[in-house]
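First comes the structure, then the notes that go with it.
Throughout, read-outs are computed from the coordinates displayed, never taken from laboratory work. Just so you know, these numbers come straight off a predicted model, no measurement behind them. Here the Cβ positions follow ideal geometry from the backbone for every residue, glycine too, while neighbour counts run over all protein chains shown.
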Amino acid sequence: MAASEQTAPDDKSFVIALAGQPNTGKSTVFNRLTGSRQHVGNWPGKTVEQKTGNFRYAGNEYLLVDLPGTYSLTANSLEERISRSYIIEEQPDLVIAMVDASQLERSLYILSELIMLPAPVILALNMMDVAKEQERKIDVNALEKALGIKVVPMSAARNQGVKELQDAIAEMRWGRMQYNPQKPEFKEEFVLLFKDIKKKIAGIIPSSYPADWAAVKLLEGDSEVVKVVKENMQAKEWTKMEETLSHYPDGVLLAAESRYNWIKEISEKVVSLPAGTKVPLRSKFDRAATHPVWGNFIALAIMMGALMAAMVIGMPAASAGMAGISVLSGILSNIMTGMPVWLTAAVIDGLVPGLGMALAMLFFVLAVFLVIAVLEDVGYMARLSYVTDRFMQRLGLQGKAFMPLFMSFCCNVSGVMGTRVIDSGKQRLIAIILAPIIPCAAVWGVTGFISSLFFSSGAVIIVAAMLAAVVLQLVLTSILLRRYVIRSESGGLIMELPPYHKPDWKNVAAYVWVRGKEFLKRAGSLIVLVTMAIWVLSYLPNESIETSYLASLGRLLEPVGGLMGMDWRLIICLMAGFVSKEAALASMAVVLGLGEAASSLTVLLGATVEHASLGAYLMTMISPATALAFIFAMLFSVPCIGTVGAIYSESRSLTWTLGAVLYYTLTSIVAGIIAYHIGLIIF
Amino acid sequence: MESITALKAGETGIVERITGGRSFISRVSAMGFTGNVEFTMLQNFSRGPLLVFLRDSQIALGRGEAEKIKVRRI
Ligand SMILES: Nc1nc2c(ncn2[C@@H]2O[C@H](COP(=O)(O)OP(=O)(O)OP(=O)(O)O)[C@@H](O)[C@H]2O)c(=O)[nH]1
Ligand SMILES: [Mg+2]
C-alpha cells in the first residue's frame with residue numbers, strides 16, 4: 001500500500017471502491033458520504049451505469065466509486081467483469097465491502113471473493129437496525145478477529161455508523177490499521193492442486209493477478225482467466241493443464257461450497273439467533289404480491305397508479321414548460337428587435353422551442369424516476385419483476401424490463417432512461433431499443449384524434465388493432481434483436497426478493513436529482529441541437545415550410561408516400577412527428593393551408609391546434625384508407641428527437657442509435673403501406 | 001433424488017446436486033445454492049416460479065431452473 005508511507009495529509013485523492021451484493025445499502029452509503037458531489041455516467045464503452053462521487057473528511061479528499069451490485073465476482077456477467085477488473089486493473093486504494101447484517105450468510109459471499117483480490121478491504125456491516133429487530137445478535141469483535149479486517153457496524157439509512165466508516169477509511173489511508181485478512185480455505189485435496197497450478201502459471205498470468213485467486217478461477221473454469229492463461233501458455237503446457245482441470249468438472253460448485261463453508265464457520269461463531277426463528281414469517285401483503293393470480297392484480301393496480309402519478313406530475317409541468325416557450329419568445333422578440341431576421345428566427349423559432357422540448361421532457365423524466373425510485377427503494381420492484389417475469393421471458397427479457405417498458409406509455413424518453421433498473425447490460429440494450437415501440441401519450445393523442453374523426457364508433461376496433469400491432473412488433477423486434485444482433489445471456493429467473501424497507505427519501509431525492517441532471521446534460525443538449533437542425537431544414541431557403549428543403553424532401557419521398565396514399569404534405573406531417581408527436585397535428589394545420597403560414601416546423605412546437613376546424617378540413621382532404629395508413633405509420637414511427645437523444649445517451653453508441661432510427665423508419669413505412677391497402681379493401 | 005420442484009410450501013430439504021451448465025451453476029451458487037445447504041420451500045404453485053428460503057434470503061427460481069436442482073427432503 002502506497003498510502004502507508006504517508007504521514008501527512010496530501011491532496012492526492014484516495015480512491016475507494018464500494019462493492020457489495022444488490023440491496024445491501026451501497027447507494028445509501030454512497031449518498032450519505034458524497035451528498036450532491038456525485039457523477040453518473042457509464043463504464044467506458046458499456047451500458048452499465050457508473051457512479052462516482054467525492055467527499056472530504058478531516059481535510060482530505062476521497063474519491064468513491066460505486067461498483068455494480070453483483071452476487072459474486074465470476075466472469076459470468078458484464079457487471080461482474082467490470083467490478084473485478086476495476087479492482088484488479090485500476091487498483092483502488094481501498095475496497096469497502098457492503099454486507100447486510102440481516103442476511104449475513106448470503107451477503108458475506110462477495111467478501112469471500114473480494115478478500116482474494118489485491119486491494120485492502122474493510123467490511124461495512126449495514127442494516128444493523130434490521131438485524132436488531134430480528135433479535136439477531138452479531139459479535140462484531142469476534143467477526144473482526146475471524147476475518148482479520150476492520151468491521152464497521154452501521155445503519156446507513158438512519159445515518160448511524162457513517163462517521164465510524166469515515167474514521168476507518170482515514171485510518172486505512174494513513175496506514176494506522178492492522179490488515180491481516182483471513183482467506184477462505186479449501187479442502188485438503190485442493191491444496192496440492194492449487195500449489196501445482198500456481199507453479200505452472202507463475203510468470204504466465206499478468207502481474208496484476210494474484211496467483212491464489214487465478215488458481216481458484218482456473219478451477220472454476222472462469223472464462224476470462226482461462227482465456228488469458230491459454231493465450232500465454234505453450235500449447236503443450238495448456239493441454240496438460242486442461243487435463244488436470246478436467247478432473248474437476250464441477251469446480252464452480254466446489255469453490256462456492258468452500259466459500260460458503262468458510263462463511264458458515266465464521267457466522268456460527270459470531271451470530272446468535274433467538275431459538276426457533278430460522279425461516280421468517282412472510283407478510284400477508286408479500287404472499288399476495290407474489291401470488292400467481294393476486295400478484296397480477298396488485299401489480300396492475302400499482303402500475304396503473306404509478307403511471308397515473310407520473311402523468312399527473314409530468315403533464316401539467318410539461319405544458320407549463322411549453323407555455324413558457326411562448327412567454328420567452330415574446331420577451332426575446334422584444335429584446336432582439338433590430339437584429340438580423342435570420343438570427344431572431346434562429347433563436348425564437350429554433351433554439352427556444354428546443355429548450356422548451358427538453359424542459360417538457362425533463363418533467364416527465366423526473367416524474368417517472370420519482371415513481372421508479374420509490375418502488376425500487378421499498379423493495380416492490382423485485383416483486384413486480386417476479387410476477388411479470390413469465391410474460392417478459394416471451395419477449396426475451398427479464399421481469400425487470402417490465403417497468404421501463406410500461407412507463408414508456410407515459411413518455412418514451414423516461415422509458416428509455418428507466419431501463420437503468422435492469423442490471424444486465426445486454427438485457428438493458430434490448431429494452432432500450434424496444435422502448436420506442438410503446439406508443440407514448442402524445443402518439444395516442446394524435447392517433448386517437450384521427451381515428452375518432454374518421455371511424456367514429458369503429459375507433460375502438462382501431463385502438464384494439466393498434467395494441468395488437470404493438471405487441472406483435474415488440475415480439476418480432478425482440479426476436480430479431482436476440483437472434484441476429486445481441487446474443488443475450490438471459491436464461492431463466494434466478495432472483496432474490498429483498499426484504500421490504502421503508503422508503504428513504506434522501507435516496508429517492510438523490511436518485512431523481514442525479515437522473516434529471518444527467519438527462520439535461522446529455523439528452524437535453526442533443527434535443528436542442530437536433531431541433532435547431534430541423535429548424536434550418538424547414539426554414540431555408542425561403543423562410544417558409546412549404547417551400548423549404550424539408551418540403552423538397554417530402555416531395556422526393558412522394559413515390560413512397562404514394563404507396564401509403566399520402567402526398568408530400570402528409571409526409572411532412574409524419575416527419576414532423578420526429579420533432580415531437582404533438583407537432584404532427586400542428587404541422588397538418590399549416591401544410592394543409594389551414595392555419596397561419598409558418599416560417600418553420602419548430603415554430604409549431606408551442607402551437608395550439610383547433611381540433612374542430614382541422615377535423616372538418618381533414619375529412620374533406622384525405623380518404624379513410626389514407627387516414628388509417630397515417631395512424632399506423634404514426635404508431636410505428638421514428639422515435640421523437642428526445643427519445644433518440646435518450647437512446648444515444650443511454651446506449652453510448654451511435655451505431656445503435658442510427659440503427660434504431662433507420663429500423664423504425666422502415667417499420668413505419670411498411671405499417672403505413674399495409675394499413676393503406678387493408679383500408680382500401682375495407683372502405 | 002428428486003428435484004426441488006417436488007417440495008410443497010413449508011417443506012424443508014437439503015441440496016444434493018446441481019446439474020446444468022457452468023454458467024447456470026455459477027449463478028445459482030452465488031445466490032446460495034450449493035451442496036449440503038438446507039432450505040425451506042416458501043411458495044410452489046403448480047406453475048410460475050418458486051420461492052425458496054436459504055442462507056438468510058428469499059430466492060425466486062424459474063421452474064426450468066429449479067428442475068436442475070436435486071434435493072433430499074428432511
Ligand atoms: N432499515 C435499514 N434500511 C436500509 C439501511 N441502509 C439502506 N437501507 C434501505 O435498503 C434499501 C436498499 O438500499 P440501497 O442503498 O438502494 O441498496 P444498494 O446496495 O444500492 O442496492 P442496488 O443498487 O440494488 O445494488 C433501501 O430501501 C434503503 O433505504 C439500513 O441501515 N437500515
Ligand atoms: Mg444502488
How do the peptides A:623-636, A:512-525, A:314-327 rank, highest first, by the average count of neighbouring beta carbon atoms within 10 Å per residue?
A:623-636, A:512-525, A:314-327
Degrees between helix A:654-682 axis and first principal axis of chain A (Cα, 0 to 90, nearest 10)
40 degrees
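Which translational diffusion coefficient, to the nearest whole µm²/s, is obtained for the protein assembly as shown from the Stokes-Einstein equation, given a Kirkwood hydrodynamic radius over C-alpha pairs, 37 °C and 0.692 mPa s? Walk me through the intermediate numbers first.
On the way: Rh = 28.5 Å.
Reported coefficient: 115 µm²/s.
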Estimated FRET transfer efficiency when R0 is 25 angstrom, pair A:ILE682-A:SER613 (beta carbons, to 0.05)
0.35
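Using unit Cβ charges (K, R positive; D, E negative) and no other charged atoms, how large, in debye to the nearest 20, is the dipole of chain A about its Cα centre? Write out the running numbers ahead of the final one.
On the way: 57 positive and 56 negative charges, 128 e Å.
So the dipole magnitude of chain A works out to roughly 620 debye.
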Please compute the length gained on full extension between A:ALA58 and A:GLU558, using 0.36 nm multiplied by the number of residues separating them and subtracting their Cα-Cα distance.
173.1 nm
Please name whichever of A:LEU307, A:VAL228, A:LEU253 sits farthest to the positive end of the charge dipole of segment A:216-317, dipole taken about the Cα centre and charges placed at Cβ: Lys and Arg +1, Asp and Glu -1.
A:LEU307
Highest average packing first - A:571-583, A:369-381, Cβ atoms within 10 Å
A:571-583, A:369-381
What FRET efficiency comes out for A:VAL341 versus A:SER13 if R0 is 30 angstrom and r is the Cβ-Cβ distance? Round to the nearest 0.05.
0.05
Order of B:GLU38, A:GLU243, A:GLU105 from fewest to most other C-beta atoms within 10 Å?
A:GLU243, B:GLU38, A:GLU105
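Would you mind computing the Rg to Rh ratio of segment A:306-358 from its alpha-carbon coordinates, Kirkwood style for Rh? Working shown, then result.
Values: Rg = 14.4 Å, Rh = 12.2 Å.
Ratio value, two decimals: 1.18.
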Using only the alpha-carbon atoms, what does segment A:124-173 span along each of its principal axes? Please give whole angstrom values in decreasing order.
34, 26, 9
One checks the Cα atoms of segment A:185-232 and finds Rg and Dmax, in Å, of 10.2, 30
Inter-label distance for A:ARG483 and A:VAL460, nm, one decimal - labels placed 7 Å from Cα along Cα-to-Cβ:
3.6 nm
Have a look at A:LEU628, A:ILE479, A:VAL560 and report the one farthest towards the positive end of the charge dipole of chain A, computed about the Cα centre with Cβ charges (Lys/Arg +1, Asp/Glu -1).
A:ILE479
Can you list residues from other chains, or at least 5 along the same chain, whose modelled amide H is less than 5 Å from the amide H of A:CYS640?
none
Where the centre of each part is set by its Cα atoms, how far does segment A:360-417 sit from segment A:523-561, in angstrom?
34 Å
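When you look at the Cβ of every residue in B:64-70, what mean number of other chain Cβ atoms sits within 10 Å?
On the way: counts 4, 4, 3, 1, 1, 0, 0.
That works out to 2 on average.
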Just from the alpha-carbon atoms, what are the Rg and Dmax of segment B:2-73 in angstroms?
10.7, 30
Tell me the Rg and the Dmax, in Å, that the Cα atoms of segment A:331-418 produce.
20.3, 64
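Neighbour counts of other C-beta atoms within 10 Å: give me A:SER258, A:SER207, A:SER408 arranged from fewest to most.
Numbers: A:SER258 19, A:SER207 6, A:SER408 26.
In increasing order of surrounding Cβ atoms, one gets A:SER207, A:SER258, A:SER408.
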Once every DSSP H run of n ≥ 4 in chain A is given -39500 (n - 2.57) and the sum is divided by its residues, what mean residue ellipticity at 222 nm do you get, rounded to the nearest 500 deg cm²/dmol?
-18500 deg cm²/dmol
Partner shielding of A:330-342, taken as the mean number of other chain Cβ atoms within 10 Å, equals 0
At 0.36 nm per residue, minus the direct Cα-Cα distance, what do A:LEU654 and A:ASN232 gain on full extension? Give it in nm, one decimal, please.
148.4 nm
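At R0 = 45 Å, how high is the FRET efficiency between A:VAL471 and A:SER223 if r is their beta carbon distance? Nearest 0.05 is fine.
Working: r = 36 Å, r/R0 = 0.80.
The calculated FRET efficiency here is 0.80.
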Which whole-Hz couplings ³J(HN,Hα) result when phi for each residue of segment A:233-242 is put into the Karplus expression 6.51 cos²θ - 1.76 cosθ + 1.60, θ = phi - 60°, listed in order with x for Gly and Pro?
9, 5, 3, 5, 4, 5, 4, 5, 4, 4
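Once you have the Cα-Cα distance between A:ARG287 and A:ASP139, take 0.36 nm times their residue separation minus that, and quote the gain in nm to one decimal. Display every interim value, and only then the final one.
On the way: separation 148, 0.36 × 148 = 53.28 nm, distance 3.29 nm.
Value of the extension gain: 50.0 nm.
Is there a simple number for the mean count of other chain Cβ atoms within 10 Å of the Cβ of residues in A:493-502, and what is it? Write down the numbers at each step before the final one.
Numbers: counts 11, 13, 7, 6, 7, 2, 3, 0, 0, 0.
The per-residue average across the peptide is 5.
Give me the percent of Cα-Cα pairs in segment A:231-285 that sit more than 14 Å apart, rounded to a whole number. Mind showing how you got there, number by number?
Values: 1113 of 1485 pairs.
It works out to 75 percent of all Cα pairs.
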Could you work out how far the C-alpha centroid of segment A:270-312 sits from that of segment A:626-683, in angstrom?
38 Å
Tell me, what is a quarter of the convex hull surface for the C-alpha atoms of segment A:504-575, in nm² with one decimal?
7.1 nm²
Phi to ³J(HN,Hα) by Karplus 6.51 cos²θ - 1.76 cosθ + 1.60 over segment A:55-64, Hz, x for Gly, Pro:
8, 10, 9, 6, x, 10, 9, 10, 10, 10
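Over segment A:429-559, what number does the Rg to Rh ratio reach, with both radii from the alpha-carbon atoms and Rh per Kirkwood?
On the way: Rg = 21.8 Å, Rh = 20.1 Å.
That ratio equals 1.08.
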Distance between the C-alpha centers of segment B:1-22 and segment A:148-166? Whole Å please.
38 Å
